[in-house]
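Chemist: Below is a structure I'd like to ask you about.
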Amino acid sequence: MKRKGFGSNETNRIRKHAIKIFLFHICFLSMKGYCQNGEITVSALAKMGFENISWHEDDTERSFAIENSSYRLSGVGIARAIDQIQQTGLPQNKNCRLIILDNNIPQLSLYYQSSLNDSTSIVRREDWVATYELGSNWDKIKNLKRGNSSLYKFDIVVYPEFSYQNYKLSRVYDILLNLSPAVEVSLWRGMKFTGQIVLPIVNDYGLRYEQVRPGFLTLSQSFRLPLRTLLTSSVGFFNSFRWGIDVRAKHFLQDERFSLEGRLGYTGRGYFENWAYYHGNKWLLTGNLGGNFYWAKYNTQFGLKGERYLEGEYGVRFDMTRHFRYASVGFYAMKVEHAGNNGLNGGFRFQIALPPYKYKRKGYIPRIVTSKNMGISYNAGNERTYGKGYKSQASDNMMQDNSFNPYFIKSELLNY
């Protein structure tokens, strides 16, 4: 009697089915979200809109590096990336690290330490530790080719600007409202060009503010130095009618709640009149030096700095700022040479995040978005001359400065 057997077609079908089941189990149905290769996670992160993606794995750790260019709120974007890595990117019996970049410069990392007893039912966002430390794999990742690179991709960022003052008896407030679109592009690692045009909408401030004119025209280069130190240097035309060179640095201590910061600017006065640029011959050295403490329980930062201002006067300034997901609110107090009210002044300031809160690029097509946030400050002492400074970049503000704070990011992971 002839034995019954499987035909070749049936054998091939069973073999293919077995291979599919094997791949399905090792990469998707595993209780720990394990995957033998990080490329699956890299592809998923790129589809979500993250940029400058790379990864490396050694005997003890798998590390990913990404830049959040898709979610306006950094805490929300990082939380989404952590969710994706937990789903498809955790290595088996190894630790995992996510390094967060800004213009290709590392800012902080989130670290998950593997346990032989865990599973996806207990691996949660709170199991990740946020820190300014980058881990040993960064030295290998930093020279790798970046997937979905942000280099040479243009953003047209519309900055709304609102100011008010009440120096006149004939009017309650003078109002200044501008829309100031800026072209921003990353030219190489850490380098950003900003070219801005100021479009006046409402102007009670005087003739100089009526014209369509250039705003920020800057080149800024950022660096990550050893021992948790970040440095940015800028050259070009700033606000407050200043142009020149500006360098600022921040160093985070071993206890990362504490930081030291300093800034040094060498600028001259200048302004545009009918698109012609006028400047004086007097250059001034300004800057500040101080320290900060971050109260993680309430996401509140305290800062104390000695400063030199644009009239050459010296002073000291105290700031207290509380950070929320969609806003940052702060109070300040100052003691400044030559100012009225015995040199005392103070007030409040706030920044609010602007929609849209999620956006993506389409290749190299310029992306048109609003600025990440906008804000105003209130000068309670009505001081017009002394205690004034400038910004060297259009995006400089207290909310942006806090967007890579590991304590703030950790709180967002737990609450989002």
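Chemist: Filtering the range 366-393 down to residues that are of a type in the set (A, V, I, L, M, F, W, C) and at pLDDT 95 or above, which residue is farthest from the chain's Cα centre (by Cα)? Can you show your working first?
Modeler: To start, the set of residues in the range 366-393 that are of a type in the set (A, V, I, L, M, F, W, C) comprises 368-369, 374, 376, 380.
Next cut, at pLDDT 95 or above only: 368-369, 374.
Numbers: I368: 18, V369: 16, M374: 14 Å.
Among residues in the range 366-393 that are of a type in the set (A, V, I, L, M, F, W, C) and at pLDDT 95 or above, the one farthest from the chain's Cα centre (by Cα) is I368.
Chemist: Just give me the residues in the range 280-302 being without any contact (Cβ under 8 Å) to a residue 24 or more places away in the chain and either in a loop (DSSP other than H, G, I, E, B) or surrounded by 13 or more Cβ atoms within 10 Å (Cβ to Cβ) (or both), in sequence order. Spell out the reasoning first.
Modeler: Start the filter on the range 280-302 by keeping residues that are without any contact (Cβ under 8 Å) to a residue 24 or more places away in the chain, which leaves 280-282, 285, 297, 300, 302.
Scanning the range 280-302 gives T300, F302.
Chemist: Condition (residue is under 21 Å from A46 (Cβ atoms) and loosely packed, with under 14 Cβ neighbours inside 10 Å) applied to the range 145-153: is it met by at least one residue?
Modeler: Yes.
Chemist: Taking the conditions exactly as written (within 23 Å of S163 (Cβ to Cβ) and open to solvent by less than 40 Å² (accessible area, probe 1.4 Å)), does N382 satisfy them or not? Steps first, answer last, please.
Modeler: Values: within 23 Å of S163 (Cβ to Cβ): yes; open to solvent by less than 40 Å² (accessible area, probe 1.4 Å): no.
Answer is no for this residue.
Chemist: Might you let me know whether the range 254-264 holds any residue that is open to solvent by 50 Å² or more (accessible area, probe 1.4 Å), at positive phi and in contact with a strand residue (DSSP E or B) (Cβ under 7 Å, 6 or more places away or on another chain)? Please lay out each step first, then the result.
Modeler: Here is the first cut: in the range 254-264, the ones open to solvent by 50 Å² or more (accessible area, probe 1.4 Å) are 254-255, 257-258, 260, 263-264.
Now restrict to residues that are at positive phi: none.
For the range 254-264, residues open to solvent by 50 Å² or more (accessible area, probe 1.4 Å), at positive phi and in contact with a strand residue (DSSP E or B) (Cβ under 7 Å, 6 or more places away or on another chain): absent.
Chemist: Considering (1) aliphatic (A, V, I, L, M); (2) more than 28 Å from P406 (Cα to Cα); (3) part of a strand (DSSP E or B), say which one A339 fails and leave the rest.
Modeler: (3)
Chemist: Is it true that some residue in the range 159-172 is out of contact with any Cys (no Cβ under 7 Å at 6 or more places or on another chain), open to solvent by less than 60 Å² (accessible area, probe 1.4 Å) and β-branched (V, I, T)?
Modeler: No, the range 159-172 has no match at all.
Chemist: Still on this structure, please answer the following. What pairs can you find where one residue is in the range 391-416 and over 30 Å from I197 (Cα atoms) and among the basic types (K, R), the other is part of a helix (DSSP H, G or I) and open to solvent by 30 Å² or more (accessible area, probe 1.4 Å), and their Cβ atoms are less than 8 Å apart, with a gap of 6+ or different chains?
Modeler: What qualifies is K410/A296.
Chemist: W243: under 23 Å from P181 (Cβ atoms), open to solvent by 50 Å² or more (accessible area, probe 1.4 Å) and not in a loop (DSSP other than H, G, I, E, B), yes or no?
Modeler: Numbers: under 23 Å from P181 (Cβ atoms): yes; open to solvent by 50 Å² or more (accessible area, probe 1.4 Å): yes; not in a loop (DSSP other than H, G, I, E, B): yes.
Here the answer is yes, as W243 does meet what is asked.
Chemist: Next question. Would it be correct to say that T229 is in contact (Cβ under 8 Å) with a residue 12 or more places away in the chain and either among the small types (G, A, S) or crowded, with 17+ Cβ neighbours inside 10 Å (or both)? Break it down into steps so the answer makes sense when it comes.
Modeler: Working: in contact (Cβ under 8 Å) with a residue 12 or more places away in the chain: yes; either among the small types (G, A, S) or crowded, with 17+ Cβ neighbours inside 10 Å (or both): no.
It is false that T229 is in contact (Cβ under 8 Å) with a residue 12 or more places away in the chain and either among the small types (G, A, S) or crowded, with 17+ Cβ neighbours inside 10 Å (or both).
Chemist: Need the failing condition index for N341 against (1) buried (at least 19 other Cβ atoms within 10 Å of the Cβ); (2) over 21 Å from E161 (Cα atoms), just the number.
Modeler: (1)
Chemist: Contact list please: Cβ distance under 8 Å, first residue in the range 45-56 and among the β-branched types (V, I, T), second residue in a loop (DSSP other than H, G, I, E, B), pairs at least six apart or on different chains.
Modeler: I53/R146; I53/N148
Chemist: Which number in (1) over 23 Å from R263 (Cβ atoms); (2) crowded, with 18+ Cβ neighbours inside 10 Å; (3) in contact with a Leu (Cβ under 7 Å, 6 or more places away or on another chain) marks the one condition that L413 misses?
Modeler: The one condition L413 does not meet is (3).
Chemist: Select from the range 202-218 the residues that are of a type in the set (A, V, I, L, M) and over 19 Å from A394 (Cβ atoms) and write down the one among them that is surrounded by the fewest Cβ atoms within 10 Å (Cβ to Cβ).
Modeler: From the range 202-218, those of a type in the set (A, V, I, L, M) are 202, 207, 212, 217; that's our starting set.
Those left that are additionally over 19 Å from A394 (Cβ atoms): 202, 207.
Numbers: V202: 12, L207: 8.
If we take residues in the range 202-218 being of a type in the set (A, V, I, L, M) and over 19 Å from A394 (Cβ atoms), then L207 is surrounded by the fewest Cβ atoms within 10 Å (Cβ to Cβ).
Chemist: Let me ask another. Among the listed residues Y277, Y332, identify the single one that is more than 30 Å from I409 (Cβ to Cβ), assigned to a strand (DSSP E or B) and hydroxyl-bearing (S, T, Y). Give the derivation first.
Modeler: On the way: Y332 fails: more than 30 Å from I409 (Cβ to Cβ).
Checking each option against the conditions leaves just Y277.
Chemist: Give the residues of the range 318-336 that are farther than 30 Å from V76 by Cβ and touching a residue at least 40 places away in the same chain (Cβ under 8 Å), sorted by residue number.
Modeler: M334, V336
The values are calculated or read from the model by the stated rules, or taken from the named source; none is laboratory data. Only a predicted model underlies this, so the values are computations on that prediction, with no experimental measurement involved. Please note: Cβ atoms are built from the backbone with ideal geometry, for glycine as well, and neighbour counts cover all protein chains shown. Ligands, DNA and RNA are stripped out before the accessible areas are found, and what is left, the full protein with its side chains, is counted by its heavy atoms. Shrake-Rupley method; radii C 1.70, N 1.55, O 1.52, S 1.80 Å.
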